[in-house]
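Engineer: Mind looking over this structure? Questions follow.
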Amino acid sequence: MKKLLLTIFLLVSSLAFSAERLVKIENTYMDNKGIVFVAGEETPFTGTVEVKFDNGKVQGLLEVKNGLLDGTGVTYYPSGKVKSKENYKNGYEEGINTIYYEN
């Protein structure tokens, strides 16, 4: 019984800590080296930064790993359609970046 409880606890803990964080851009800042942090935290941010239009719709999502852009960045038109997709690796653009017309 103890092994079963321990296994369940470890499984739940690992799932909780591996969950992707979603933070609004207003709650982040970038230091002079270009590293992204969440306000009030001392470790570089890992997760997704969300940018919104004034009307509350999502304007963009940026993946950040250890404080640097790393993964996919997607921007949206106010209508909600995808405007562009960019790829980043260790803070630099990498690969194919695609821009779409709204129609």
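Engineer: Tell me, what ³J(HN,Hα) does each residue in region 36-46 have, in order and in whole Hz, if you take phi through Karplus 6.51 cos²θ - 1.76 cosθ + 1.60 with θ = phi - 60° and put x for Gly and Pro?
Structural biologist: 8, 10, 8, 3, x, 10, 9, 9, x, 6, 10
Engineer: Moving on to the next point. Short version: ³J(HN,Hα) in whole Hz for each residue of region 66-75, in order, from phi by Karplus 6.51 cos²θ - 1.76 cosθ + 1.60 (θ = phi - 60°), x for Gly and Pro, what are they?
Structural biologist: 6, x, 10, 4, 7, x, 9, x, 10, 10
Engineer: What number comes out for the charge environment of Asp31, summing +1 per Lys or Arg and -1 per Asp or Glu over other residues with Cβ under 13 Å away?
Structural biologist: Summing Lys and Arg as +1 and Asp and Glu as -1 gives -1.
Engineer: A follow-up question, please. Skipping prolines and chain starts, which residues have an amide H placed within reach, meaning under 5 Å, of the one on Lys83, given they are 5 or more residues away or on another chain?
Structural biologist: Under 5 Å from the amide H of Lys83: Thr75, Tyr76, Tyr77.
Engineer: Can you tally the net charge around Gly56? Count Lys and Arg as +1, Asp and Glu as -1, for every other residue whose Cβ sits under 12 Å from the Cβ of Gly56.
Structural biologist: In short, +1.
Engineer: Using amide H atoms built in the peptide plane, which far-off residues or other-chain residues are under 5 Å from Leu68 H to H?
Structural biologist: For Leu68, whose amide H was placed from the backbone, the distant partners under 5 Å are Val36.
Engineer: Taking 0.36 nm per residue of separation and subtracting the Cα-Cα distance, what length does fully extending Glu102 through Asn90 add?
Structural biologist: Here the segment from Glu102 to Asn90 would lengthen by 1.4 nm.
Engineer: Taking θ as phi - 60°, what are the ³J(HN,Hα) couplings along region 54-60 by the Karplus curve (6.51, -1.76, 1.60), each to the nearest whole Hz, with x for Gly and Pro?
Structural biologist: Rounded to whole hertz, the list is 4, 7, x, 6, 5, 9, x.
Engineer: Right, another one. Tally Lys/Arg at +1 and Asp/Glu at -1 over every other residue whose Cβ is under 14 Å from the Cβ of Glu20; what's the total?
Structural biologist: -1
A short reminder: the numbers here are calculations on the coordinates, not readings from a lab. As the structure is a prediction and not an experimental result, all values here were calculated from the model. Don't worry about glycine lacking a Cβ; one is built from the backbone with ideal geometry, like all the others, and counts go over all protein chains shown.
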